2 protein chains.
Amino acid sequence: MALLDLILGRPLSSLEERGEKIGPVAGISIFGLDALSSAAYGPEAALTLLIPLGAAGVAYIVPVSFSIIVLLGIVYFSYLQTIAAYPGGGGSYTVARENIGAGAGLLGAAALMIDYVLTAAVGISAGVGALVSAAPGLQPHTLSLCLAILLAITLINLRGVRETGGIFMVPTYLFVASLLAMIAIGLVKTVLSGGHPIPVVAPPPPSPAKAAITTWIFLQVFASGCTAMTGVEAVSNGVKAFREPTARNARITLTMIIAVLIVLLAGIAYLDSAYRIAATDPGAPGYQSVLAMMLGAIAGKGPFFYVAIGSILLVLALSANTAFADFPRLCRIVAEDGYLPRSFATTGRRLVYSEGIWVLAVLTAGLLLLFGGVTDRLIPLYAIGAFLAFTLSQSGMVMHWLRRRPMAWHNIALNGLGAVATGITVLVVLVAKFAAGAWVTLALMPLLLATMTAVKRHYRRVEAEIASRNPADLSRLSPPIVVIPIQSWTKVAEKALRFAYTVSHDVRAVHVDSEEEEDNRFCDCWAEYAEAPARAAGLAPPKLDRVTSPYRFVLRPIADYVSKVAKDNPDHYVSVVVPELFERHWYHSLLHNQRAEVLKARLMWWSNPRIVVVSVPWYLKE
Amino acid sequence: MALLDLILGRPLSSLEERGEKIGPVAGISIFGLDALSSAAYGPEAALTLLIPLGAAGVAYIVPVSFSIIVLLGIVYFSYLQTIAAYPGGGGSYTVARENIGAGAGLLGAAALMIDYVLTAAVGISAGVGALVSAAPGLQPHTLSLCLAILLAITLINLRGVRETGGIFMVPTYLFVASLLAMIAIGLVKTVLSGGHPIPVVAPPPPSPAKAAITTWIFLQVFASGCTAMTGVEAVSNGVKAFREPTARNARITLTMIIAVLIVLLAGIAYLDSAYRIAATDPGAPGYQSVLAMMLGAIAGKGPFFYVAIGSILLVLALSANTAFADFPRLCRIVAEDGYLPRSFATTGRRLVYSEGIWVLAVLTAGLLLLFGGVTDRLIPLYAIGAFLAFTLSQSGMVMHWLRRRPMAWHNIALNGLGAVATGITVLVVLVAKFAAGAWVTLALMPLLLATMTAVKRHYRRVEAEIASRNPADLSRLSPPIVVIPIQSWTKVAEKALRFAYTVSHDVRAVHVDSEEEEDNRFCDCWAEYAEAPARAAGLAPPKLDRVTSPYRFVLRPIADYVSKVAKDNPDHYVSVVVPELFERHWYHSLLHNQRAEVLKARLMWWSNPRIVVVSVPWYLKE
């Protein structure tokens, strides 16, 4: 049954749930995608802020990248320790909650949620940016392209296509290989030319300088470049996914990801200054991404160019997919602790946490619309969430080590250094980017925290309200009155009637008289179809009540009738039997049951607590 | 209960359903909105095609508008007759189906559906075009603004805000008054200046001529200008809404709408040529709508300018709302005949035909995205649907009169003239706009028709499959086995248990053991909470079955357990009792019941036909 597979198929189990373990080779593509892809937008974001400095600005990419690489090194060593300490998976939420407290955990969760929304938006728009660089004719369609990719990723995730290493490995390794090849060729050319290589396709000349470097500009550039570090925490979240020796494999994977990322960042920075490639204004006509210009300058616009650009586009779009894989899972963990609606922890029909996917899709679409689909404008909002999560996680680790006896000073020092370095970075980014939009992140954080604690409070209240320490009261029970809405005599109606008599002898059918004579004719046969067989079986014959509807509405008169029956019989439950038709093909099922759903909603929504709805299925043949 | 009002409040009854009748004054604003608002985009669409002709092109707007006005006159007289003949409402679908046949009716319905989607898209994008003309800084946000307005209109319609004459009357009359005032001032100035008025704010000069007029260009301009006639059929659809004498009031309303529309079209055309206002390229920077330039030229950019532009924006956005009011209703009529999923005919929780609204919103959003939110590019797709519906409706009227005895030659001639004129226009538009996109409409039409007939065929098949002419078989009935999924002992669980014993003595609770000790503790109290009271009441004690789940899933083990029970007891129904929590505040209800819904879906979706699901409500206190 293709339908069953499609709708209720096997769960989209995360790797750790499936018990299927991976090694470093697959690990790099699964957990490194987000981190490695940031090499495609981090340097770009930094260079964009250097545009006003003209030709002189390009040189500053080297010291900025150097600072970021140092920070990356510190974070790397800190995370090596987190992995060792949390072999079960040490996301910021878990580490902060367990070691600092629920508040810190929630702060980490809020930071990460904001970060994931931004990852999705930045990934997609950077991917489209790469595409637009290669095909400038698509520039006016930037926003539409972003939304189309978002829709595709959302649907893929909703349908529960499983993450398979294979899907991710090809573009990841193609991306890494292309960029490493570009760097290698560029370095050789640079060395052979004595440091002044001649570009194959010359990048557009830098715009004239309008400003000189200041500490302030340097900080801003650094803050933007820090987006290159997002995604580094992914391995620590998924340690469980690795095969034995788990921690060691995870550490190898992290090491390789960081090593490649450092080579990419350093290589891009060096070649950018050697080839003197200034960023172009994103969103403006003639925009080209830095990597596109660099590829053109180093290797020309041949097949290699298009393969590399294609891999960049794919990897960026897939990095958005990482957010779609992780955001719903983070929401689930938080929801299981009661801080988000429980529905985030419920697998949907297709066994994915669909609610998280929807929420992420809607938020991402909102961001893309608000910013017109251009990455650069999203950057100010970025990095804060990621670095706040880093800081909380590292601080949590410090607390973790402090509680251990004997004191592991070495560990405390390393995680402490990580916490301080990332904490300072949070402040730098916050200050440097405050006016440009970081205040939005800052304002969202307390809002999210307040929502999450309100949700928790609500669940606590409900729990208290329905709590019981008393045995059940099973006295004075009487059989329910069964009501069957019937518009015409069919096999489905017969099944409903049969079921009704298995639970009660007080069965009543209700028919809404319509203006068409034909519809009402069946009432004349009621005695033959229903009353006679009931008498023959020794049962009280089913009553047929006919109600009239002034308009063409059918559901409301039924609901009114049921309410009246419930009111008139205060000692009985009223069971309303609602048949539902099921089709072999999912697209046929669009043609049925909505009326049943709406009737059920009408009957139960703040109506009489003694009204219950019985859904009886009828499976149609092919 | 504000909540009840919000969710289950009074029906969004159409005027005829409510029995609340209107006169011509309200009628003009309710039914004329769409037609009158087309004065804001019809001439613009024609002038846009005249851009390549440069300054010379502007003069052709007068003969083009004259042709359109003549056509409008013919259609007007034909519709007067339709109103008289169909006092119950004569939409194209109804008239064509009753007089020509089901195929023609469906063709009319398909044409109208396409037309409504385009009305919504064109209305919104033209409204945003007016806004962008007044505030050019918003130009880069055209698409986002369009989508935001679409979202607002969709939500308003989903929430079921009733159409009240009041809401529509203010902008409609403001719009008509502004444009009439503009025309009056313009005419006076033109006459006083001897035909050569000096603009207050000069419109941008026409671009240099690149082409000369040809019949082909003239036809294209005419085809685009014909969009000014859309919406004229609205009155004939809603005759029932008028108070006695119904037909007379409807005819007065139609007459006034057409009269005002003719004055607007003629006035705009004349003043455009007098002031020599050429259209500017829509979607390009510096774009201004023709009406904005004309207002500026005649009265300057003072308060009057902004009031008029504001009313144009509002009326255009509200004309999209007309599509949102009519499209779902058309879908409902077609669905009641079985040609569309029945759910189109089911009122949603908020008593509107929500499915039609959703479908329209999604299609409109798709169009806006595809065309970047710029009206002009949508025009080629337009008009065909509207004029095809006109033609079918008029042809249907001809058949109607031909069947009447004695033959009403006068009526036949008038509707015949209408049919021929609109039929020719369909051909003209089709030919003139084929390459520009009219082929899309043409290709969609058979697709829609095929879908509708497939749906009808499906319903017929299902009907045949469940049809029954036999009395019910009520022999060999045995009480159901009741299964209650219980994770912890609460008042809700107690209610489920109580209900279970009213329908059967074979009650089984199922508990999914989790990894947390605490969750499982309740099993130890089962004897005290459930078994003892059952024995005390003389009932068979409820069995507690514990199942384990390898992962954290809860729903799947329950579904598996229920399936097994059903399989092991082939002579019994298995009733699964699923409690649902209801909250006082709708936003709280987001926090509950999704799990119940998913469990129900799992239990029933192509599972055992003897498994039924009983939804038992629990209403939480404040």
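Since every read-out is calculated from the coordinates, none of them should be taken as a lab result. The structure presented is a predicted model; accordingly, all values stated were derived computationally and were not measured. In this analysis, Cβ positions are derived from the backbone assuming ideal geometry, glycine residues included, and neighbour counts consider all displayed protein chains.
Summary table below
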{"read-out": "Reciprocal mean inverse distance between Cα atoms of segment A:481-619 - Kirkwood radius, Å", "value": "15.6"}
{"read-out": "Neighbour-count order for A:407, B:169, A:604, fewest beta carbons within 10 angstrom listed first", "value": "A:407, B:169, A:604"}
{"read-out": "Over segment B:88-155, volume per residue of the alpha carbon convex hull, in Å³", "value": "109"}
{"read-out": "Over segment B:253-323, volume per residue of the alpha carbon convex hull, in Å³", "value": "116"}
{"read-out": "Minimum Cβ-to-axis distance in chain A for the rotation onto chain B, with residue, whole Å", "value": "A:503, 2"}
{"read-out": "Cα-centre dipole for segment B:440-525 with unit charges at Cβ (Lys and Arg positive, Asp and Glu negative), debye to 20", "value": "1040"}
{"read-out": "P(r) of segment B:401-529 over all Cα-Cα pairs, binned every 5 Å from zero, in whole percent", "value": "2, 7, 8, 7, 6, 6, 7, 7, 6, 6, 5, 5, 5, 9, 7, 4, 3, 1"}
{"read-out": "Per-pair calculated FRET efficiency, R0 = 35 Å: residue B:255 and residue B:301 via Cβ, rounded to 0.05", "value": "0.50"}
{"read-out": "Antiparallel content of DSSP bridges confined to the protein assembly as shown, in %, to 5", "value": "10"}
{"read-out": "In range of the label at residue A:25: residues from segment A:241-270 whose backbone nitrogen is under 15 Å from the point 7 Å along Cα→Cβ", "value": "A:243, A:253"}
{"read-out": "Segment A:47-170 - Rg (one decimal) and Dmax (whole number), Cα, Å", "value": "19.6, 53"}
{"read-out": "Average Cα contact separation per residue, segment B:37-454, under 8 Å, 6 or more apart, as relative contact order %", "value": "34"}
{"read-out": "Within 10 Å of each Cβ in B:143-152, the average number of Cβ atoms from other chains", "value": "2"}
{"read-out": "Label zone at residue A:210 (point 7 Å along Cα-to-Cβ), backbone N below 19 Å, segment A:285-305", "value": "A:285-288"}
{"read-out": "Residue B:585-residue B:454 FRET efficiency (beta carbon distance; Förster radius 51 Å; 0.05 resolution)", "value": "0.75"}
{"read-out": "Relative exposure of A:583, B:355, A:233, judged by other C-beta atoms within 10 Å (fewest first)", "value": "A:583, B:355, A:233"}
{"read-out": "Chain A, Cα convex hull volume normalised per residue, Å³", "value": "209"}
{"read-out": "Degrees, to the nearest 10: B:491-503 long Cα axis against longest axis of chain B", "value": "80"}
{"read-out": "For residue A:211, inter-copy label distances in nm, listed shortest first [label point 7 Å out on the Cα-Cβ vector]", "value": "4.8"}
{"read-out": "Debye log10 I(q)/I(0) for segment B:163-315, one point scatterer per Cα, at q = 0.12, 0.13, 0.18 Å⁻¹", "value": "-0.65, -0.75, -1.22"}
{"read-out": "Given charges at beta-carbon only (K, R positive; D, E negative), |dipole| of the protein assembly as shown in Debye", "value": "100"}
{"read-out": "Inter-chain shielding of B:601-613 (mean C-beta neighbours from other protein chains, 10 Å cut-off)", "value": "6"}
{"read-out": "Over 28 Å between alpha carbons, listed pairs A:600/B:456; B:543/B:600; A:491/B:600; A:189/A:433; B:240/B:433", "value": "A:189/A:433; B:240/B:433"}
{"read-out": "Cα long-axis angle, helix A:215-225 against chain A (0 to 90 degrees, to the nearest 10)", "value": "50"}
{"read-out": "Leading residue at positive end of dipole, segment A:331-441 (Cβ point charges), from A:422, A:339, A:387", "value": "A:339"}
{"read-out": "Segment B:37-454 - charge dipole about Cα centre, Lys and Arg +1 at Cβ, Asp and Glu -1, debye rounded to 20", "value": "560"}
{"read-out": "Point-to-point label distance, residue A:436-residue B:436, nm (Cα→Cβ direction, 7 Å offset)", "value": "4.4"}
{"read-out": "For residue A:259, inter-copy label distances in nm, listed shortest first [label point 7 Å out on the Cα-Cβ vector]", "value": "8.8"}
{"read-out": "Relative intensity, log₁₀ I(q)/I(0), of segment B:261-377 from a Debye sum that treats every alpha carbon as a point, q = 0.17 Å⁻¹", "value": "-0.94"}
{"read-out": "On Cα atoms only, tilt of A:439-466 relative to the major axis of chain A in degrees", "value": "30"}
{"read-out": "Footprinting exposure proxy for A:144, B:38, A:319 (fewest neighbouring C-beta atoms within 10 Å first)", "value": "A:144, A:319, B:38"}
{"read-out": "Sites residue B:155 and residue A:487 - FRET efficiency at Förster radius 51 Å, r taken between beta-carbons, to 0.05", "value": "0.95"}
{"read-out": "Residue A:560-residue B:200 pseudo-label distance in nm [points 7 Å out on the Cα-to-Cβ vector]", "value": "5.7"}
{"read-out": "Expected-Rg normalisation [2.2 N^0.38 Å, Cα atoms] applied to the protein assembly as shown", "value": "1.05"}
{"read-out": "Low-density loop positions, GluC sites (Glu not before Pro), segment A:456-532 - DSSP coil, at most 10 other Cβ in 10 Å", "value": "A:515, A:516"}
{"read-out": "Label geometry 7 Å along the beta-carbon vector: residue A:564 inter-copy distances in nm", "value": "4.7"}
